[in-house]
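**Student:** If you scroll down you'll find the structure; I have some questions about it.
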Amino acid sequence: MRVVLAEDHALLADGLTRLLSAHGFEVVELVDNGPRLAPALLEHRPDIAVVDVRLPPTFTDEGLRAAIEARQHIPGLPVLVLSQYVEQLYARELMRDRAGGVGYLLKDRVSNIGEFVEALRRVAGGGTVMDPEVVTQLLGGQRSKLDDLTPRELEVLGLMAEGRSNSAIAAALYVTDKAVDKHTNNVFRKLGLTQSSDDNRRVLAVLTYLDGQ
């Protein structure tokens with residue numbers, strides 16, 4: 001599986017390159033600045049791009065903006081953002097484009113290599129991976145837009161945003177798995193999310209809310 005890696009920290013870039021190679025990925029280009037990223041993605045058209053948000057020269061949002069630009073030319077290009085920061089404006093724009101795989105993980109919360117590799121494969125396969133902390137920050141204070149949901153449905157959605165499974169939600173709320181299934185299906189229906197994998201719909205429930213749909 002071919003990867004374009006955008007990371008300006010030399011030690012981290014070397015470590016990621018070695019990790020990816022050890023798990024069957026091929027880093028076709030390592031990019032350490034924003035201006036080079038979009039051209040590299042257009043040139044290589046990789047199976048997945050692993051992108052830091054803040055790259056030289058300004059260390060603001062070059063990586064995320066370059067990934068969005070590349071997806072305009074390569075619809076569905078899988079992008080996994082791996083960063084220390086949540087850049088809310090461009091993160092929402094990236095997530096709003098539902099063509100192809102998208103992920104957003106925080107570096108200091110990635111503690112399991114196996115789970116990280118699985119996240120890469122899921123995004124490369126067209127899936128969605130979101131760190132619950134990213135969801136929380138993107139969610140901000142906009143819960144009033146979810147007025148169509150009942151208090152219990154809001155509670156279930158909040159637990160989904162924390163990355164909990166249906167069984168874990170049932171345990172936290174002291175209800176049955178069947179009751180949680182009913183609440184989650186109501187959330188999906190009220191937010192206009194059609195049938196797909198549960199993992200994708202859990203993320204899209206939050207993203208649809210953020211889009212004001």
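Read-outs: derived from the displayed coordinates by stated rules, not from any lab. Only a predicted model underlies this, so the values are computations on that prediction, with no experimental measurement involved. A quick note on method: Cβ atoms are made from the backbone with ideal geometry, for glycine too, and the neighbour counts reach across all protein chains shown.
**Student:** Taking Cα atoms of the chain, Rg/Rh with Kirkwood Rh, to two decimals? Kindly include the intermediate steps, with their values, before the conclusion.
**Tutor:** Details: Rg = 17.6 Å, Rh = 17.8 Å.
Taking Rh as the inverse mean 1/r over Cα pairs, Rg/Rh reads 0.99.
**Student:** Counting only pairs 8 or more places apart or on different chains, how many lysine pairs in the chain have C-alpha atoms closer than 29 Å? Write down the numbers at each step before the final one.
**Tutor:** Working: K145/K178; K145/K182; K145/K190; K178/K190; K182/K190.
For the chain, the number of qualifying lysine pairs is 5.
**Student:** From the Cα gyration tensor of segment 1-118, with a ≥ b ≥ c the square roots of its eigenvalues, which class applies: rounded if a/c is under 1.5, or else prolate if a/b is larger than b/c, or else oblate? Kindly include the intermediate steps, with their values, before the conclusion.
**Tutor:** Working: a/c = 1.26, a/b = 1.20, b/c = 1.06.
Verdict is rounded for segment 1-118.
**Student:** Please give the Cα centre distance for segment 1-47 versus segment 79-124, rounded to the nearest Å.
**Tutor:** Distance between centres, Cα-based: 15 Å.
**Student:** Within the set of other residues whose C-beta is less than 10 Å from the C-beta of L55, count the net charge using Lys and Arg as +1 and Asp and Glu as -1.
**Tutor:** On the way: positive: R36, R54, R65; negative: E7, D8, D32, D52, D61, E62.
Summing Lys/Arg as +1 and Asp/Glu as -1 gives -3.
**Student:** Separate question: Which of the chymotrypsin sites (Phe, Trp or Tyr not before Pro) found in segment 57-118 are loop residues per DSSP with 15 or fewer other Cβ atoms within 10 Å of their Cβ? Provide the component values of the computation, followed by the final result.
**Tutor:** Details: sites: F59, Y85, Y90, Y104, F116; in loops: F59, Y85.
Here the chymotrypsin sites (Phe, Trp or Tyr not before Pro) that fit, given the DSSP loop and packing criteria, are F59.
**Student:** As a test of the formula, what do you get for the chain when each DSSP H run with n ≥ 4 contributes -39,500 (n - 2.57) and the sum is divided by the residue count, at 222 nm and rounded to the nearest 500 deg cm²/dmol?
**Tutor:** Values: 10 runs with 111 residues, N = 213.
Computed ellipticity for the chain at 222 nm equals -16000 deg cm²/dmol.
**Student:** Under 11 Å from the Cβ of A6, count the other residues' Cβ atoms, weight Lys and Arg +1, Asp and Glu -1, and hand me the total. Intermediate values should be presented prior to the final figure.
**Tutor:** Values: positive: R36, R54; negative: E7, D8, E29, D32, D52, E62.
Computed value for this residue: -4.
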